[in-house]
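Q: Just passing along the structure, written as structure tokens.
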Amino acid sequence: MPLPDAMRAVEISQPGGPEVLRTVTRPMPEPGPSDILIRVSWAGVNRPDALQRAGAYAPPPGASDLPGLEAAGTVVAVGAEVTRWQVGDHVCALLPGGGYAEFVAIPADHALPVPAGLTLDQAACLPETFFTVWSNVFMRAGLRAGETLLVHGGSSGIGTTAIQLATAFGARVFTTAGTPEKCRICERLGAERAINYREEDFVEVLKADGGAHVILDMVGGSYIPRNIRALRTEGRLVQIAFLEGPKAELNFAQVMKRRLTITGSTLRPQSDAAKAEIARQLEEKVWPLLGSGDLGPVMDSEFALDDAADAHARMESSAHIGKIVLKVAG
Ligand SMILES: NC(=O)c1ccc[n+]([C@@H]2O[C@H](COP(=O)([O-])OP(=O)(O)OC[C@H]3O[C@@H](n4cnc5c(N)ncnc54)[C@H](OP(=O)(O)O)[C@@H]3O)[C@@H](O)[C@H]2O)c1
């Protein structure tokens, strides 16, 4: 089928609330020699999209200004150097932006096959959280079987992925969430103990268990010194966001005395090679486990691409549990 000259997309018309998202017509993206062009069926919605929309998370140099960090769909063109994919393949892909659109071009090695047993809408929910959790919890913090992981925001897209992945690889998982229902779902996903942070102090719960080996945190602010107290000797704190703010007063003697590691990363500005290496590890170690029933995306809700503003409003209400997706094409 011939490709069109233009495509439908949702852009950020100006920094602001969900209402600034607007459906527009944009030129088709052009794949380079090592890229593939994907006709997007579904695009995942992530909290960083809302931060970008609000003007707090600029796309890295060279990336599309359109929001959308992940998508699933069909390969419709391949660059001259691409051998891995063929036109017609179903893929899901990590994107530096541009997912809220009918077509997106990306480096071929940032795409992964749609795992057996998963549908395209489920596959669209995988890349951003699986790349983030794998690279931070396993590659960076080195979580091992038998160790204890504390995941904050357990009901988030990131949290539901972290609970399942860590459980699948033999770790014990503690998590925090803001309602009893969210806590129940986190425990159903594999968390040994979900802590309703409005009613209980996660530091006391973790200390009573000997402390966490690894903490994955997206809250920051007042959680930073509390995370330090909740870690055991040789523990590792991985910071992936600062929903409560990036600054805190900290007694660094604790870091020295208990030989702690404080680290963190953001995925989007990393090099193409770094993202390709994460993709390679995921395909080897994690993709065979997907679709088995024990590991897969937790789906919250689906919206039409034109209703991206409603999807953002739901995400920012924090009423959701798991992932929100946009239907781009049938
Ligand atoms: N570093 C990276 O590469 C990277 C990549 C992807 C995402 N992230 C970050 O990871 C976080 C989770 O992303 P996501 O897409 O999974 O988002 P999400 O589903 O919207 O999750 C955010 C969750 O955080 C909890 N939360 C705790 N304190 C909060 C606060 N002060 N304000 C708002 N929510 C708060 C909420 O659950 P409760 O109702 O239980 O409080 C909410 O469900 C985001 O901060 C995102 O920016 C980082």
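Every read-out reported here was derived from the displayed coordinates using simple, explicitly stated rules and does not represent laboratory data. As the structure is a computational prediction, the values presented were derived from the model and not from experiment. Please note: Cβ atoms are built from the backbone with ideal geometry, for glycine as well, and neighbour counts cover all protein chains shown.
Q: How large is the charge dipole for the chain, taken about the Cα centre, if only the Cβ atoms of Lys, Arg (+1) and Asp, Glu (-1) carry charge, to the nearest 20 debye?
A: Working: 31 positive and 38 negative charges, 226 e Å.
That gives a dipole near 1080 debye.
Q: Moving on to the next point. So, how do all the Cα-to-Cα distances of the chain break down into 10 Å bins, in percent, from 0 on up?
A: Going from the shortest bin to the longest, the percentages are 6, 27, 34, 23, 9, 2, 0.
Q: A follow-up question, please. For the pair Glu284/Ala319, report the inter-label distance in nm, with labels modelled 7 Å from Cα in the Cβ direction.
A: Once both label points are built, they end up 4.4 nm from each other.
Q: Taking the alpha-carbon set of the range 236-316, what are its Rg and Dmax in Å?
A: Over the range 236-316's Cα set, Rg and Dmax evaluate to 18.6, 54 Å.
Q: Please give the Cα centre distance for the range 244-285 versus the range 160-218, rounded to the nearest Å.
A: Here the two parts' Cα centres lie 19 Å apart.
Q: Any lysines with Cα under 30 Å of the Lys182 Cα? List them, leaving off those in the same chain fewer than 8 positions away.
A: Lys207, Lys247, Lys285, Lys323, Lys327
Q: Moving on to the next point. Return the inverse of the average 1/r over all pairs of distinct C-alpha atoms in the range 130-288, which is the Kirkwood hydrodynamic radius, in Å to one decimal.
A: Value: 15.6 Å, from the Cα pair sum.
Q: State to the nearest 20 debye the size of the charge dipole of the range 231-323 about its Cα centre, where the only charges are +1 on K and R beta carbons and -1 on D and E beta carbons.
A: Using only the charged Cβ atoms, the result is roughly 840 debye.
Q: Another one. Output the peptides 285-292, 157-164 sorted from most to least packed, where packing is the average of other Cβ atoms within 10 Å over each peptide's residues.
A: Packing order, densest peptide first, comes out as 157-164, 285-292.
Q: Label-point separation (nm) for Met1 and Thr119, each offset 7 Å from Cα along Cα-to-Cβ?
A: For the pair Met1/Thr119, the computed spacing is 1.9 nm.
Q: Can you check what the net charge comes to around His110, using other residues whose Cβ is under 12 Å from the Cβ of His110 (Lys, Arg +1; Asp, Glu -1)?
A: In short, -3.
Q: Taking the simple approach of a point 7 Å from Cα along Cα-to-Cβ for both Leu243 and Asp294, what is their distance in nm?
A: Result: 2.8 nm between the two label points.
Q: Can you find, among Val173, Ala276, Phe242, the residue farthest towards the positive end of the dipole of the chain? Put +1 on the C-beta of Lys and Arg, -1 on that of Asp and Glu.
A: Working it through, the farthest residue towards the positive pole turns out to be Val173.
Q: Something else now. Can you run phi through the Karplus equation (6.51, -1.76, 1.60; θ = phi - 60°) for the range 221-230 and list ³J(HN,Hα) in whole Hz, with x for Gly and Pro?
A: Computed from phi, the couplings for the range 221-230 are x, 5, 6, 5, x, 6, 4, 4, 5, 7 Hz.
Q: Could you give the C-alpha radius of gyration of the range 30-164 expressed as a fraction of 2.2 N^0.38 Å, taking N as the number of residues it contains?
A: For the range 30-164, the normalised Cα radius of gyration is 1.09.
Q: When DSSP assigns beta bridges and you keep just the ones with both residues in the chain, what percent turn out antiparallel, to the nearest 5?
A: The answer is about 55 percent antiparallel.
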